[in-house]
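The values are calculated or read from the model by the stated rules, or taken from the named source; none is laboratory data. Source: prediction; values computed, not measured. Because the Cβ atoms are built from the backbone with ideal geometry, glycine has one as well, and the counts that use them run over all protein chains shown.
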Amino acid sequence: MTTIDVDLTELPNLTPQKFYPLYWNESRYMVLMGGGGSGKSVFITQKIVTRMLNETGHRFLVLRKVAKTLRESVFAEIKKTIYRWGVQDLFTIPKGATSELHITCVNGNEILFAGLDDVEKLKSISGVTSVWIEEASEISTEDYRQLDIRMRGKSRNYKQMMISFNPIDINHWLKKEFFDQKKPNAVTKHSTYLDNPFLPDEDKAVLEAFKHSDPYFYQVYCLGEWGVLGKTIFPKQIVSERIAYLRNRQPLKRGYFYYDHDDTKVLDESIKWVDDSAGAITIYEDTKPNLPYVLGGDTAGEGSDNFTGHIINNTTGNQAAVLKQQYDEIDYARQMYCLAKYYNTALVGIEVNFSTYPLRKFEEWKYPKLYVREVQDSYTHKLEKRFGFLTGKITRPLIIANLVTIVKESVHLINDIPTLEEMLTFVKNENGRAEAQDGAHDDLLMGLAITYQIRDQQSYGHEMTEKFDLSKLPEDLREDYWNAPADKRPYLLKKWGLVKAG
Ligand SMILES: Nc1ncnc2c1ncn2[C@@H]1O[C@H](COP(=O)(O)OP(=O)(O)OP(=O)(O)O)[C@@H](O)[C@H]1O
Ligand SMILES: [Mg+2]
C-alpha cells in the first residue's frame, strides 16, 4: 500500500482556527499550552491521523507519565477521531479492556503508546518518527531530554515532538525551555476554551465559574495562564487577567535600531528602525511629535545578564516600548541612545548600581536630558547633583511600591507580557526583601519601576493634563484622543464632558 488521501479540504471545518495552520507546521517542537477544553488534545489526534493517512514509514509514540492512564485518555481520543472521520476501515484498533494499546494503518504506519513509568517497554521501542507528550506538565525535564535525544536520526518524514499541557506552574521547566527565550525550531501556541467552537456550553460554564470559586483554577484552566501558587507582591489576578487580554494582541513592531558610528559616538542622522522578529526592542505605541517621553533602564548585575529599558509616554503613563538584551553593554548603550532619540529625545535615567558604563557613554555623547539625583558629599556634606538612578535601601522598596500601585490602579498602562510575567514570580524572601524567585528574573520589572519613578523630571506635556488626568480615559477614548490632531484634542475632552466647556 502507498498513501491514502483524506479529504484535506474538510479540515478547516473540523479544526479550531487557532490550530489549523499547524497541520503544515514541521518544527521539531510543536508546543500547545492552554487552558482546559481548548481543543489541544483533539487537534493533535487529528494531526496524527492526517499524517498516518498521508505519509508512510511512520511510527508515532504517544506518551504520558503514567501508563495506566493511556487507555482512557490518548488511546480513546485517537480512536474517537478515527471513528468521527469515518476512516475506521483503514485502521486496526484492538478491542477489549486488556488488549494491547497499538493502532496500525493499512499502509503500515503505526501508533504506539507508553507510560514514562514503564521503563522496560520504553527501552524496547525504536525507530520512532514523531512523539506526542500529553499532559507534559506531569513529566520531568530529565524525561523530556531523554526523549529528545532518542528522537534523533534520519527519517523519511519530518520528526516532531508534539507537546500539550495546562500551565500549572509559572516556575515550570516548560516555560523556561520554550517560552522565556524563543527556541529555534519550536512553534508555540496558546489557546483557551474561547478558541474551541466545539466545546459544549456546560463545559464553558464550569470553566467560567472558577472566577468566583478558585482564582488559581481560573488562572490556569479558564485563562490558560501560568499558575502562581505562592504569595506575590503584585496582585496576581489583575496581572494574569492583563496578560490574558494581551495574548491575542500583537505589539506594533519588533526590531532594533541600525546606526553608524565614528570613534566616539553614534551618528544621529544614521539612526534607522529595522523590523526584526528576533529584535531586542518591542514597540507598543509609536513615537508622536511633540510628546514628552521617559526612558528608564536597569543594567545587568547581581546574578542577571539582562539589560533592560522602558519608554513611557509621560502624558498618559503608557508603556510605549521595551528593550531587553543580554551581555553586550556597548550595543545596549547605543540602542538606548537611539531609542531615546527616536522618542523625541526622551528623559533618560539609567541605574548606576552595577555598571556606570551606559550612562558614562550618554554623558560622553553630550546627551541633553539626563535624570539627575542629589547626593550628599560624605566629606563636605554638601548636596551635589549626579546623573543616573541609584537603587538603594530606601529607593528600592519605594519604587516597587509605586509600581504596585500603578498595577492596582492602572494596569492597562502596561503592555509587555514578559514584564507582567516577572511580576508573577516576584516575592518576599525569608528576610522580607522583595526579589525574583529562584531561576526567575526581575530586570524588566525593576527597569519599569525606575522609569515611573524618574518621570517627574520630564514635562507632562499637554497643558490640558493639568485639568484632566489622561490616564483615567478609557482605552478606546484614549486612542481616539491621540489619533486626533493636536488642536482638536481639547475639543474632544469637552465633547466627552470630561472638562468644562469654555
Ligand atoms: N476538532 C474537534 N472536533 C470536534 N470536537 C472537538 C474538536 N476539538 C475539541 N472538541 C471538543 O472539545 C472538547 C475539549 O477538547 P480537548 O480535549 O482537545 O481540549 P484540551 O485543550 O485538550 O483540554 P484539556 O486541557 O482539558 O486537556 C473535546 O472533548 C471535544 O468534545
Ligand atoms: Mg487535553
What tally of residues in the range 299-318 results from selecting those that are within 20 Å of the chain's Cα centre (by Cα) and either acidic (Asp, Glu) or surrounded by fewer than 21 Cβ atoms within 10 Å (Cβ to Cβ) (or both)? 3
Can you tell me which residue among 37, 115 is of a type in the set (Gly, Ala, Ser), within 35 Å of the chain's Cα centre (by Cα) and more than 25 Å from residue 189 (Cβ to Cβ)? 115
Close pairs from the range 32-44: first on the phi > 0 side of the Ramachandran plot, partner part of a loop (DSSP other than H, G, I, E, B) and near ligand 2 (Cβ under 8 Å from one of its atoms), Cβ under 6 Å, at least 6 apart: none
Options 148, 117, 143: the member that is among the charged types (D, E, K, R) and assigned to a loop (DSSP other than H, G, I, E, B): 117
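Condition check ((1) farther than 30 Å from residue 171 by Cβ; (2) buried (at least 18 other Cβ atoms within 10 Å of the Cβ); (3) within 16 Å of ligand 1 (Cβ to nearest atom); (4) free of Cβ contacts under 8 Å to residues at least 40 places away in the same chain) across all residues:
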{"residue": "52", "(1), (2), (3), (4)": "yes, yes, no, no"}
{"residue": "78", "(1), (2), (3), (4)": "yes, yes, yes, yes"}
{"residue": "94", "(1), (2), (3), (4)": "yes, no, no, yes"}
{"residue": "122", "(1), (2), (3), (4)": "no, yes, no, yes"}
Among 268, 263, the single one that is among the acidic types (Asp, Glu) and either touching a helix residue (DSSP H, G or I) at 6+ places or on another chain (Cβ under 7 Å) or surrounded by 17 or more Cβ atoms within 10 Å (Cβ to Cβ) (or both) is 268
Flagged in the range 178-214 as more than 23 Å from the chain's Cα centre (by Cα), more than 9 Å from ligand 1 (Cβ to nearest atom) and among the hydrophobic types (A, V, I, L, M, F, W, C), in numbering order, are 205, 206, 209, 210
List the pairs whose first member sits in the range 133-150 and is farther than 16 Å from residue 66 by Cβ and β-branched (Val, Ile, Thr), whose second member is outside any loop (DSSP other than H, G, I, E, B) and within 16 Å of ligand 2 (Cβ to nearest atom), and whose Cβ atoms are under 9 Å apart, counting only residues at least 6 apart or on separate chains? 141/174
If I filter the range 92-99 for residues that are aliphatic (A, V, I, L, M) and more than 29 Å from residue 137 (Cβ to Cβ), do I get at least one hit? no
Scanning the range 357-389 residue by residue, the ones that are at pLDDT below 90 and either touching a His at 6+ places or on another chain (Cβ under 7 Å) or assigned to a loop (DSSP other than H, G, I, E, B) (or both) total 6
Quick one: in the range 151-167, which of the residues that are surrounded by fewer than 16 Cβ atoms within 10 Å (Cβ to Cβ) and without any contact (Cβ under 8 Å) to a residue 40 or more places away in the chain is nearest to ligand 2 (Cβ to nearest atom)? 152
I'm trying to understand the selection: among the residues of the range 159-177, which are within 12 Å of ligand 1 (Cβ to nearest atom) and farther than 23 Å from residue 47 by Cα? 168
Are there helices (runs of 4 or more DSSP H) fully within the range 411-502 with at least 2 residues that are at pLDDT 85 or above and surrounded by 12 or more Cβ atoms within 10 Å (Cβ to Cβ)? List them. 417-423, 443-453
